[in-house]
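The values are calculated or read from the model by the stated rules, or taken from the named source; none is laboratory data. Note that this is a predicted model, so its numbers are computed, not measured. FYI the Cβ positions are ideal-geometry reconstructions off the backbone, even for glycines, and counts take in every protein chain you see.
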Amino acid sequence: MKAPKLTVGWREWVGLPALGVEAIKVKVDTGALTSALHAIHVRVVRNNGRERVRFDLHPLQRDSRLTVHCEADLLEWREVRSSNGDTEFRPVIRTPVALGGQQWPIDVTLTNRDSMGFRMLLGRRALRRRLLVDPGVSYLFGDHHPTAVTR
């Protein structure tokens, strides 16, 4: 029997537990195919024969005081066309996302989103077969300003 789909608003707080982020505000973006996460100081390193990505993240919009240092396996590089029409090759990681008591792995591209309204976009691939979007509501799982970091 299929689990019922979770209904979410057009913006929500999600967790990225493998990256040490308790909560980050996302725009649920059905116009974006792939999810995107704000990342700065991105660098690829070799660790035990595997390519990994190290990067820093400011999980709270308009607040650069809080920095989370992250590391994840590099999945691949993808060419992404942004909403303004520019294309960029971005590193892609796979990491669990937590929302509404559920957790599942998603692919996320890493890019500097300082000038954007949200530190993260949750794209169609992350939503597929799991979430329904109600564009008329926000923060169905709580509107809060968390500490944002678990480690």
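Residues in the stretch 64-75 that are surrounded by 12 or more Cβ atoms within 10 Å (Cβ to Cβ) and of a type in the set (D, E, K, R): how many? Give the derivation first.
Going residue by residue through the stretch 64-75, those that are surrounded by 12 or more Cβ atoms within 10 Å (Cβ to Cβ) are 66-75.
Cutting the leftovers down to of a type in the set (D, E, K, R) gives us 71, 73.
Going through the stretch 64-75 one residue at a time, the tally reaches 2.
This table checks each residue for (1) modelled with pLDDT of 95 or more; (2) in contact with a strand residue (DSSP E or B) (Cβ under 8 Å, 6 or more places away or on another chain); (3) more than 27 Å from PRO135 (Cβ to Cβ); (4) β-branched (Val, Ile, Thr).
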position	(1), (2), (3), (4)
SER35	yes, yes, no, no
ARG43	yes, yes, yes, no
GLY49	no, no, yes, no
THR109	yes, yes, no, yes
SER115	no, no, no, no
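Of the conditions (1) touching a residue at least 60 places away in the same chain (Cβ under 8 Å); (2) among the β-branched types (Val, Ile, Thr); (3) more than 14 Å from THR34 (Cβ to Cβ), THR111 clears all except one; give me its number.
(3)
Of VAL97, VAL26, VAL44, VAL92, which residue is surrounded by fewer than 17 Cβ atoms within 10 Å (Cβ to Cβ) and not polar (S, T, N, Q)?
Of the residues listed, the single one that is surrounded by fewer than 17 Cβ atoms within 10 Å (Cβ to Cβ) and not polar (S, T, N, Q) is VAL44.
Which condition number does SER115 fail, the rest of (1) over 29 Å from ALA3 (Cα atoms); (2) part of a strand (DSSP E or B) being met?
(2)
Out of curiosity, is VAL97 part of a strand (DSSP E or B), closer than 17 Å to LEU33 by Cα and β-branched (Val, Ile, Thr)? First the steps, then the outcome.
Details: part of a strand (DSSP E or B): yes; closer than 17 Å to LEU33 by Cα: yes; β-branched (Val, Ile, Thr): yes.
Yes, satisfied.
Which residue out of GLY85, GLY31 is small (Gly, Ala, Ser), surrounded by fewer than 19 Cβ atoms within 10 Å (Cβ to Cβ), over 17 Å from the mean Cα position of the chain (by Cα) and assigned to a loop (DSSP other than H, G, I, E, B)? It would help to see each step written out before you state the result.
Details: GLY31 fails: over 17 Å from the mean Cα position of the chain (by Cα).
When all the criteria are applied, what remains is GLY85.
Condition test on GLY100, is it within 16 Å of PRO17 (Cα to Cα) and in contact (Cβ under 8 Å) with a residue 24 or more places away in the chain?
Values: within 16 Å of PRO17 (Cα to Cα): yes; in contact (Cβ under 8 Å) with a residue 24 or more places away in the chain: yes.
So GLY100 passes the test.
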